[in-house]
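Read the structure below first, then the notes.
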Amino acid sequence: MNEKVNSYLSDLMQSSDPVLLELEKDATKRHVPIIGPQVARTISILLRSARPERALEIGTATGYSGICIARALQGKDKKLITIEADPNRVKEARRNFQKAEVSDFVEILQGDAKEIVPHVSEKNRGNFDIVFLDVGEKTLYVELFKYCVSALRVGGFLIADNTLWNGAVAVKKDNSPETTAIRKFNRLVFSDKRLDAAIVPMRDGFTVALKIEE
């Protein structure tokens, strides 16, 4: 995105929530990857309009995106399952979920997404309203794709962050493993007849895909 436009949107759409503001400052200080206020606000609007009850997040980090998702969930049985490999990040996220007062309906699963996601998908096939994919190891996007789609109900949303990869996906000479994986992931999403998808060119780009059939 044009830097002037990005700065304008950052000022316009900055967080007002004290917990999120604290996490944004911490992310800047420690270089923790978070979706940031622009993407958070956009996704929150989408999720609230969809009235989701159950969500799966792959890549918890310090809990920033998880808080945004959890606050958009509705219904007495609302639930967010979020997966994180780093035990220190799990501890941080747990504290932040408590600060945000969403910990009662958030379950953190610690471990390798390659091992946990297939199990969660099989156990909850078609039961999630939202699957948010933002695992740190971007080469996993392709491997996890089929499990993400299987976990979704028809009418549910798959959202994946970083799908423009700072514009690298459009640079033909960039054949790094991460860029190659995200290109392949994007092709999978847009060629899958079960999904109706778009990429929002905000910040690092994020994909929104509606599951329209099994």
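Every number in this text was worked out from the coordinates using simple rules, so none of it is lab data. Since the model is a prediction, treat every value here as computed from it, not as a measurement. Please note: Cβ atoms are built from the backbone with ideal geometry, for glycine as well, and neighbour counts cover all protein chains shown.
The table below gives the values:
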item: The chain pair-distance distribution - Cα-Cα, 5 Å bins, rounded %; result: 1, 7, 16, 20, 22, 18, 11, 4, 1, 0, 0
item: DSSP-loop GluC sites (Glu not before Pro) across the range 72-152, with at most 12 other Cβ within 10 angstrom; result: Glu101
item: Size of charge dipole - the range 57-141 - debye, nearest 20, with Cβ of Lys, Arg +1 and Asp, Glu -1, no other charges; result: 220 debye
item: Per-q log10 I(q)/I(0), the range 122-214, q = 0.17 Å⁻¹ (Debye; single scatterer per alpha-carbon; no solvent); result: -0.67
item: Cut-off under 5 Å, modelled amide H: who pairs with Lys138 long-range; result: none
item: Dipole of the chain [Lys/Arg +1, Asp/Glu -1 at C-beta], most positive-end residue of Ala168, Val19, Asn88; result: Ala168
item: Inter-centroid distance (Cα atoms) of the range 1-60 relative to the range 127-198, Å; result: 19 Å
item: The chain: most fluctuating residue of Thr139, Thr82, Thr60 per GNM, C-alpha cutoff 10 Å; result: Thr139
item: Using distinct alpha-carbon pairs, which all enter the 1/r mean, Kirkwood radius of the range 70-186 in Å; result: 15.5 Å
item: Dipole of the chain, positive end: most advanced residue of Ser191, Tyr64, Gly36 [Cβ charges, Cα centre]; result: Ser191
item: Cβ-placed point charges (K, R +1; D, E -1), dipole of the chain about Cα centre in debye, nearest 20; result: 280 debye
